[in-house]
Amino acid sequence: MMLALLYHRVGEGKYANPPAMMERHLAWIANHFRVVLPGDPIKLSTLNICLTFDDATFDFYHYVFPLLKRYNLRALLSVPTHFIQKNTTLDPNERLSIPYSTAMKDDIHRIHCPFCTWEELQEMTHSGCVEIASHSVHHQNLLLPGTDLDLEINGSKETLKKHLGISARTFVYPLGKFNNSIHSQVKKNYEFAMRIGTAWNTSWQNMSGIVYRVISDNMISYDQPLSFPKQISYFWFYFLNSSRGR
């Protein structure tokens, strides 16, 4: 089986884990589990863990990237391309100070650069510790009327290739919103698709062609995502998701 864990930020708040908690959590994972990226073989004899981080905010580069190198781990980072600047000379503390709730509003991303820069993304890609996924262009609900799906799905992939020289293999649905038509378009352009699903995965496709992820923000203990009650619930949600084709 494979469990894909989903994180957003390192810091304070509902969608974050404090730095000390994140370090203990990643050290525990490194010592106990096999960590995989999309497409890697899933071994039946052990629990496989896929680490996924959404939004590519600067705290990933500042806190998580050094931990990945320290513990010899790999992670998938999903990038909403509209918010990425080429580079910056801003103080790291200023970049880290922008709350999750405002980072994508108006021109905040240009003024305070709370997201990773293209230079930082390139460094992480070249390290072998980080694989980049598309998280659309504007991180918007793809079901909204008037959404330019070609731009959000295909345009984001083209932008990642232009700036990083990579062909993204994975699309991570922003806000978890999609339908069958959108999913069909994603699958024409990406090998893998991910959403929130709070479930185990039997493969990189499952019965629905989607990888399910477990939200692991705001943990109260370093091993919370793998507590026994949660493991039982992941089986239940796998069958529920599969029966709905979602």
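The values are calculated or read from the model by the stated rules, or taken from the named source; none is laboratory data. Bear in mind that the values here come from a model prediction, so they are computed numbers and not experimental data. Cβ coordinates were reconstructed from backbone atoms using ideal geometry, including for glycine residues, and neighbour counts include every protein chain displayed.
Quick look at the numbers
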quantity: Residue selected from segment 80-104 under the condition within 24 Å of Leu175 (Cβ to Cβ) and among the small types (Gly, Ala, Ser), by the criterion surrounded by the most Cβ atoms within 10 Å (Cβ to Cβ); calculated: Ala103
quantity: Any hit, segment 67-79, residues being surrounded by fewer than 20 Cβ atoms within 10 Å (Cβ to Cβ), touching a residue at least 40 places away in the same chain (Cβ under 8 Å), out of contact with any Lys or Arg (no Cβ under 6 Å at 6 or more places or on another chain) and of a type in the set (Ser, Thr, Tyr); calculated: yes
quantity: The lone exception for His139 - which of (1) in contact with a Leu (Cβ under 7 Å, 6 or more places away or on another chain); (2) closer than 27 Å to Asp40 by Cβ; (3) in a loop (DSSP other than H, G, I, E, B) it fails; calculated: (1)
quantity: Among (1) in a helix (DSSP H, G or I); (2) under 17 Å from the mean Cα position of the chain (by Cα); (3) polar (S, T, N, Q), the one test that Asn93 misses; calculated: (2)
quantity: Residue within segment 107-129 that is without any contact (Cβ under 8 Å) to a residue 40 or more places away in the chain, touching a strand residue (DSSP E or B) at 6+ places or on another chain (Cβ under 8 Å) and either of a type outside the set (Asp, Glu) or assigned to a loop (DSSP other than H, G, I, E, B) (or both) present; calculated: yes
quantity: Where Arg9 falls short, out of the listed (1) modelled with pLDDT under 95; (2) touching a helix residue (DSSP H, G or I) at 6+ places or on another chain (Cβ under 6 Å); calculated: (1)
quantity: Subset of segment 212-233 [within 19 Å of the chain's Cα centre (by Cα) and either at pLDDT below 90 or part of a helix (DSSP H, G or I) (or both)]; calculated: Gln224, Pro225, Leu226
quantity: Counted residues, segment 4-34 - those being outside any loop (DSSP other than H, G, I, E, B), in contact (Cβ under 8 Å) with a residue 24 or more places away in the chain and of a type in the set (Lys, Arg); calculated: 2
quantity: Top-ranked residue in segment 175-186 [being of a type outside the set (A, V, I, L, M, F, W, C), closer than 18 Å to Asn241 by Cα and in a helix (DSSP H, G or I); ranked as nearest to the chain's Cα centre (by Cα)]; calculated: Gly176
quantity: All positions within segment 47-90 that are more than 23 Å from Asn201 (Cβ to Cβ) and β-branched (Val, Ile, Thr); calculated: Thr57, Thr81, Ile84, Thr88, Thr89
quantity: Members of segment 148-168 found to be of a type outside the set (A, V, I, L, M) and either part of a helix (DSSP H, G or I) or crowded, with 16+ Cβ neighbours inside 10 Å (or both), listed by number; calculated: Asp150, Glu152, Asn154, Gly155, Ser156, Lys157, Glu158, Thr159, Lys161, Lys162, His163
quantity: Failed criterion for Phe53 (all others in (1) under 22 Å from His138 (Cα atoms); (2) surrounded by fewer than 16 Cβ atoms within 10 Å (Cβ to Cβ) hold); calculated: (2)
